[in-house]
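Working notes for the structure below.
The values are calculated or read from the model by the stated rules, or taken from the named source; none is laboratory data. Here the structure is a predicted model, which is why all the values come from computation and not from measurement. Cβ placement follows ideal geometry from the backbone for every residue including glycine, while neighbour counts extend to all protein chains displayed.
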Amino acid sequence: MSDSKLGGQFTFPGTSLTVQRIGYGAMQLAGPGVWGPPKDPDGAVAVLREAVAAGVNHIDTSDFYGPHVTNQIIRQALHPYPAGLVIVTKLGASRPPDKSWLLAISPEDLTAGVHNNLRNLGLDALDIVNYRVMGSGHGLEEGSIAEQVTVLADLRRKGLIRHIGLSNVTAAQVAEAQAITDVVCVQNNYNLTLRHDDALIDDLARQGIAYVPFFPLGGFSPLQSSTLSSVAGRLGATSMQVALAWLLHRSPNILLIPGTSSLAHLRENLAAGQLTLSPQTLAELDGIAAP
């Protein structure tokens with residue numbers, strides 16, 4: 001597949017990092033519950049290698065996936081990394097032996113998290129690190145993030161991080177972070193039916209900042225819509241391909257990181273970049289989330 005088919009390209013602001021707009025999210029490479037190794041380690045390696053061979057050069061991961069598992073698989077599959085590959089990781093949580101998710105937001109936690117990512121990925125510096133605000137469930141959590149962003153800015157000055165992003169944040173938290181350091185991307189929960197970030201996406205687009213929707217296909221509750229199914233049938237595509245294509249059409253600063261442990265699903269996701277949606281079809285899909 002030509003990389004020009006992967007939704008076009010995007011350059012993170014103030015950087016030399018240019019990526020295809022369809023990337024890959026590595027969370028599903030870990031075992032059930034994002035814990036432990038996958039049932040098929042060789043299959044996980046094969047998915048990563050096929051993604052990169054197809055032109056994907058934006059991989060999203062975290063050392064708390066597994067924990068350590070996805071980063072170690074990425075290193076096994078792709079190290080030494082090809083030129084131009086951008087690996088984005090995130091901090092803000094830890095996984096104790098009881099498999100729970102704990103906050104890891106102190107300066108010591110964040111610094112240790114950076115070093116864990118560096119060690120398990122086999123890198124000297126991390127391209128982009130997102131500070132992930134761990135709200136209840138996947139909801140947003142109001143409150144200051146200045147202390148955590150300041151820690152990341154200091155790690156950037158030390159050369160361990162090249163660029164900083166945010167995840168699961170409000171518009172007010174984005175503005176607070178931008179008063180401290182440059183922010184190159186925001187990663188929030190958004191998809192065809194969950195449209196609360198429309199204004200934020202447009203504001204970030206005006207600034208040239210990437211918006212990266214997690215759960216672009218609905219996450220643990222896949223998108224269900226008769227309209228979506230009808231459009232997919234007319235286009236000879238799957239509903240999930242149409243949902244990804246809609247995101248690419250939604251705004252030029254949107255980058256996709258759909259995850260899968262299946263080669264077949266990977267190929268389906270990447271093919272979404274070749275779908276063209278007419279203005280009439282886009283209006284029909286926009287209506288799914290209308291009140």
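Overview of results
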| quantity | calculated |
| --- | --- |
| Residues (more than 24 Å from Lys90 (Cα to Cα) and of a type in the set (A, V, I, L, M, F, W, C)) located in the range 205-233 | Leu223, Leu228, Val231, Ala232 |
| Selected residue (only one of Arg162, Arg95, Arg132, Arg75 is in contact (Cβ under 8 Å) with a residue 40 or more places away in the chain and in contact with a Pro (Cβ under 7 Å, 6 or more places away or on another chain)) | Arg95 |
| Only listed residue being small (Gly, Ala, Ser), in a strand (DSSP E or B) and either crowded, with 19+ Cβ neighbours inside 10 Å or at pLDDT below 95 (or both), chosen from Gly165, Gly135 | Gly165 |
| Residue identified as out of contact with any strand residue (DSSP E or B) (no Cβ under 7 Å at 6 or more places or on another chain), closer than 24 Å to Val86 by Cβ, among the charged types (D, E, K, R) and at pLDDT 95 or above among Asp203, Asp198 | Asp203 |
| Listing of strands (runs of 3 or more DSSP E) fully contained in the range 1-61 that carry 3 or more residues being surrounded by 17 or more Cβ atoms within 10 Å (Cβ to Cβ) | 58-60 |
| Residue within the range 247-255 that is among the β-branched types (Val, Ile, Thr), modelled with pLDDT of 95 or more and touching a strand residue (DSSP E or B) at 6+ places or on another chain (Cβ under 8 Å) present | yes |
| The range 205-236, residues that are out of contact with any helix residue (DSSP H, G or I) (no Cβ under 8 Å at 6 or more places or on another chain), at negative phi and not in a helix (DSSP H, G or I) | Ile209, Val212, Phe214, Phe220, Ser221, Gln224 |
| Residue in the range 143-156 that is surrounded by fewer than 22 Cβ atoms within 10 Å (Cβ to Cβ), assigned to a strand (DSSP E or B) and touching a residue at least 12 places away in the same chain (Cβ under 8 Å) present | no |
| Verdict on Leu103 being under 15 Å from Ser167 (Cβ atoms), surrounded by fewer than 18 Cβ atoms within 10 Å (Cβ to Cβ), among the aliphatic types (A, V, I, L, M) and at pLDDT 95 or above | yes |
| Only listed residue being farther than 23 Å from Thr11 by Cα, of a type outside the set (Phe, Trp, Tyr) and touching a His at 6+ places or on another chain (Cβ under 6 Å), chosen from Gly143, Gly139, Gly113, Gly122 | Gly122 |
| Answer from Asp109, Asp98 - the residue that is at pLDDT 95 or above, more than 22 Å from Val19 (Cα to Cα) and assigned to a helix (DSSP H, G or I) | Asp109 |
| Single residue of Ala93, Ala44, Ala83, Ala53 found to be over 17 Å from Gln187 (Cβ atoms) and in contact with a helix residue (DSSP H, G or I) (Cβ under 9 Å, 6 or more places away or on another chain) | Ala44 |
| Checking Lys90 against (1) surrounded by 14 or more Cβ atoms within 10 Å (Cβ to Cβ); (2) outside any loop (DSSP other than H, G, I, E, B); (3) out of contact with any strand residue (DSSP E or B) (no Cβ under 6 Å at 6 or more places or on another chain); (4) not β-branched (Val, Ile, Thr), the condition it does not meet | (3) |
| Failed condition for Ile73, given (1) touching a helix residue (DSSP H, G or I) at 6+ places or on another chain (Cβ under 6 Å); (2) closer than 22 Å to Phe220 by Cα | (2) |
